[in-house]
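Chemist: Here it is, the structure in full.
Nothing in this text is a laboratory measurement; each read-out follows from the coordinates by a stated rule. Just so it is clear, the model here is predicted, and its values are computed rather than measured. Because the Cβ atoms are built from the backbone with ideal geometry, glycine has one as well, and the counts that use them run over all protein chains shown.
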Amino acid sequence: AAGVIQSPRHLIKEKRETATLKCYPIPRHDTVYWYQQGPGQDPQFLISFYEKMQSDKGSIPDRFSAQQFSDYHSELNMSSLELGDSALYFCASSYRIGANGYTFGSGTRLTVV
Amino acid sequence: AQSVSQHNHHVILSEAASLELGCNYSYGGTVNLFWYVQYPGQHLQLLLKYFSGDPLVKGIKGFEAEFIKSKFSFNLRKPSVQWSDTAEYFCAVNRGSSNTGKLIFGQGTTLQVKP
């Protein structure tokens, strides 16, 4: 069965650079959630989209932005990267805002040096 | 603040021992509850979920959880753990009345099973 696809799997960036992370939800899923998981930390909700509109916003820095496109994939854009942005970023998708559960991607491991 | 609390941060057990991981949440009203497992380097995988109905929920790999509404708890149990259960376990909640469906996670419990 198709899963949630995230790219790239690993990313190394220098401070002050920009990064773009991509998330491709399961077919027919209309909702995407982005989470940040620091080393040894619990996942922190960043932002979500339902039917291509932002539906909720969590602890997402102003340096980050995201959107969901017409094919329902989503991109997380991160600018002016800081060392503290190093983390696992994963997305989850669902149908009708989690009515039947969520499927998680494997995540993008971002390292800022 | 609304939160999800997992009381055990690091649990070490021998194979065949019984497991119970605590999870409490602080939301009022209707909630949907989840337990996820994360093996090293892998993505979160659903163990079980509770939306409504029988408060004793059975999941994959022999895990079960009991929703006790009066205690705001959703503890995870397994009668006999295996070495392969070594992983990070996360309890998560979304509010049934939420129109966004975001999940709030607990801090996680690292389970180490000794062979």
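Chemist: Give the distance, in whole Å, between the Cα centre of region A:26-42 and the Cα centre of region B:1-48.
Modeler: 17 Å
Chemist: Please list 3J(HN,Hα) in residue order for region B:80-91, calculated via the Karplus relation 6.51 cos²θ - 1.76 cosθ + 1.60 where θ = phi - 60°; whole Hz, with x for glycine and proline.
Modeler: These are the phi-based 3J(HN,Hα) values: 8, 7, 10, 4, 6, 7, 4, 4, 9, 10, 10, 8 Hz.
Chemist: With chain A treated as a Gaussian network of Cα nodes joined by springs under 10 Å, which of A:L88, A:L11, A:L46 yields the largest mean-square fluctuation?
Modeler: A:L11
Chemist: Work out the FRET efficiency for B:Q107 and A:R9 from their Cβ-Cβ distance, taking R0 = 30 Å, and round it to the nearest 0.05.
Modeler: With a Förster radius of 30 Å, E is 0.75.
Chemist: Tell me which GluC sites (Glu not before Pro) from region B:13-115 have a DSSP coil assignment and no more than 13 other beta carbons within 10 Å of their own.
Modeler: B:E15
Chemist: Right, here's the next one. Which is farthest toward the positive dipole end of chain A among A:P43, A:P61, A:C23, measuring Cα position about the Cα centre, with Cβ charges +1 (Lys, Arg) and -1 (Asp, Glu)?
Modeler: A:C23
Chemist: Provide the FRET efficiency to the nearest 0.05 for the A:K22-B:Y39 pair, computing r from the beta carbons and using R0 = 25 Å.
Modeler: Calculated transfer efficiency: 0.60.
Chemist: Sticking with this structure for a sec: With both bridge residues required to lie in the protein assembly as shown, what share of the DSSP beta bridges run antiparallel, to the nearest 5%?
Modeler: Around 90 percent of the beta bridges assigned by DSSP in the protein assembly as shown are antiparallel ones.
Chemist: Still on this structure, please answer the following. Check each of the trypsin sites (Lys or Arg not before Pro) in region A:24-88 and keep only those in coil by DSSP with at most 12 other C-beta atoms within 10 angstrom; list them in order.
Modeler: A:R28
Chemist: For chain B, what does the alpha-carbon gyration tensor say about shape, rounded, prolate or oblate, given a ≥ b ≥ c as the root eigenvalues, a/c under 1.5 as rounded, and a/b over b/c as prolate?
Modeler: The shape class here is prolate.
Chemist: As an exercise, use a Förster radius of 41 Å and the Cβ-Cβ distance of A:D30 and A:V113 to find the FRET efficiency, rounded to the nearest 0.05.
Modeler: 0.65
Chemist: Taking GluC sites (Glu not before Pro) as exposed when DSSP calls them loop (any state but H, G, I, E, B) and at most 11 other Cβ atoms lie within 10 Å, what is the longest stretch of chain A free of them, the sites themselves excluded?
Modeler: Longest site-free region, per DSSP loop and neighbour criteria: A:52-113.
Chemist: Among B:P55, B:P40, B:P79, whose mean-square fluctuation peaks in a Gaussian network model of chain B (Cα, cutoff 10 Å)?
Modeler: Highest fluctuation of the listed residues: B:P40.
Chemist: Once you put a point 7 Å from the Cα of A:R96 and another 7 Å from the Cα of A:M53, both along the Cβ direction, what distance in nm separates them?
Modeler: Taking the two extended label points, one gets 1.8 nm.
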